[in-house]
């Protein structure tokens, strides 16, 4: 933290990291990512060159200044989650933290999305970040499912599904220019994963007890007698 | 194609592209990826510097010389697939093409896997390639499901699941040093996705009619009266 000239001209105490990220982003929009140097950024922020590298390992990191803390939040969230909770619900909650980071600053998120589309190096950086979120979620699920035969496989597949659903809704929202309720859209998308994998997750549970389970599908318009017939035959012959 | 000295010393006609990739890979193993220059590679292959860039845009591309043709094969495979086939089956078939590329040359694949673990630039490159496969599969599913409300979302989630399952089995095989039957392992992993999403794919069908469906789960030991009670309340209140 230090006294720094805010880039909008108003003197104001702001964390150096934010000041640098803001200066960097303005320059990327003005001149393009490739043509902006770290020297340009520190000159705009009014600080020395070494300050930049104290906060960001690279220019790319300054474009995504909040992912590191979001990853830390996600890890903390997963560590704190009770094992009583449905594991798929928990990782969906973890993914929601990422969404909230984007939704907290729609204008910045939308501008950054457009910038990222244009700069291959930023797209690659983003892929690496997304992969880190996915690995964090998969690590949690692997631990929760470590006694299942296919636990590790299922953990990776479900984590990838959660990330894909989250990204689909997030991308739609970003493409629209940040219109509408992003959190609601992501919840809707995650619901697909929860519905499908929540069932898959529950499936091995009955095997632990000695009880058998019968699943019946009936058309709502069907007469009651027919449904009872189905039930009886399922309970008898299954 | 041209006469080129094979890196093992025996003179033999081999496609220039292969000769370059082989020379590059040997040098990467000997000296490390970062410390090998394009000049080293062309010297080892006995060709001019411009030949390298005629075949590979970058050093990274020479590490993964077959992904471009595999992506083309995948696209061709998906284009040729009948719309009568289960869409999830088709994309699983597409993923199998990638596995076959790795399995065709276990020793090279295992060595490359180890090299990739050590070089961040290669890991990033690999992420980009994986993403391209995923997008290719998702594009196919989107087309197949373009009339479903959540078709685009489902397409991305299923493509991500297929890729995650494929990669889980592939990685396990690579880590083991290429032991066992990789194709069988990938088939087993993909089976999880087919089982779960094959059902999910069929699910929207009833919505096309006006009939509503009730799904009930009952414990086999439950008394009949209780099951009927459940059925009745589901049919009434749902």
Of the residues in region A:163-183 that are farther than 24 Å from residue A:82 by Cβ and at the interface with chain B (Cβ under 7 Å from one of its Cβ atoms), the one that is surrounded by the most Cβ atoms within 10 Å (Cβ to Cβ) is A:164
Selection from region B:95-123 of residues that are in a helix (DSSP H, G or I), within 14 Å of another protein chain (Cβ to nearest Cβ) and either in contact (Cβ under 8 Å) with a residue 12 or more places away in the chain or crowded, with 16+ Cβ neighbours inside 10 Å (or both): B:95, B:116, B:121, B:122
Look through region A:137-146, keep the residues that are more than 9 Å from chain B (Cβ to nearest Cβ) and part of a helix (DSSP H, G or I), and return whichever of them is nearest to residue A:92 (Cα to Cα). A:137
Examine region A:143-153 for a residue that is within 26 Å of residue B:142 (Cβ to Cβ) and at pLDDT 95 or above, and state whether such a residue exists. yes
State whether one or more residues within region A:216-232 are modelled with pLDDT of 75 or more and at the interface with chain B (Cβ under 8 Å from one of its Cβ atoms). no
Within region A:159-190, can you find the residues that are under 20 Å from residue B:197 (Cα atoms) and at pLDDT below 95? none
With the requirement that a residue be part of a loop (DSSP other than H, G, I, E, B) and either under 18 Å from residue B:94 (Cβ atoms) or facing chain A (nearest Cβ under 10 Å) (or both), what does region B:147-162 give you? B:150
Looking at residue A:126, is it within 12 Å of chain B (Cβ to nearest Cβ), more than 24 Å from residue A:176 (Cβ to Cβ) and buried (at least 17 other Cβ atoms within 10 Å of the Cβ)? no
Matching helices (runs of 4 or more DSSP H) fully within region B:43-91 where at least 2 residues are outside the structural domain of residue B:129 (by TED's automatic domain parsing) and at pLDDT below 90: B:49-55
So for region B:57-67 (the condition being under 27 Å from residue A:165 (Cα atoms) and either surrounded by 17 or more Cβ atoms within 10 Å (Cβ to Cβ) or in contact with a helix residue (DSSP H, G or I) (Cβ under 8 Å, 6 or more places away or on another chain) (or both)), does at least one residue qualify? yes
Residue satisfying condition, being assigned to a helix (DSSP H, G or I), in contact (Cβ under 8 Å) with a residue 60 or more places away in the chain and within 7 Å of chain A (Cβ to nearest Cβ), within set B:193, B:186: B:193
Of (1) under 26 Å from residue B:132 (Cβ atoms); (2) more than 14 Å from chain B (Cβ to nearest Cβ), residue A:134 fails just (2)
Restricted to region A:196-215 and to residues being touching a helix residue (DSSP H, G or I) at 6+ places or on another chain (Cβ under 9 Å) and either assigned to a helix (DSSP H, G or I) or modelled with pLDDT of 95 or more (or both), the residue surrounded by the most Cβ atoms within 10 Å (Cβ to Cβ) is A:197
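The values are calculated or read from the model by the stated rules, or taken from the named source; none is laboratory data. Quantities reported herein were computed from a predicted structural model and do not represent experimental measurements. Positions of Cβ are backbone-derived with ideal geometry, glycine not excepted, and every protein chain shown enters the neighbour counts.
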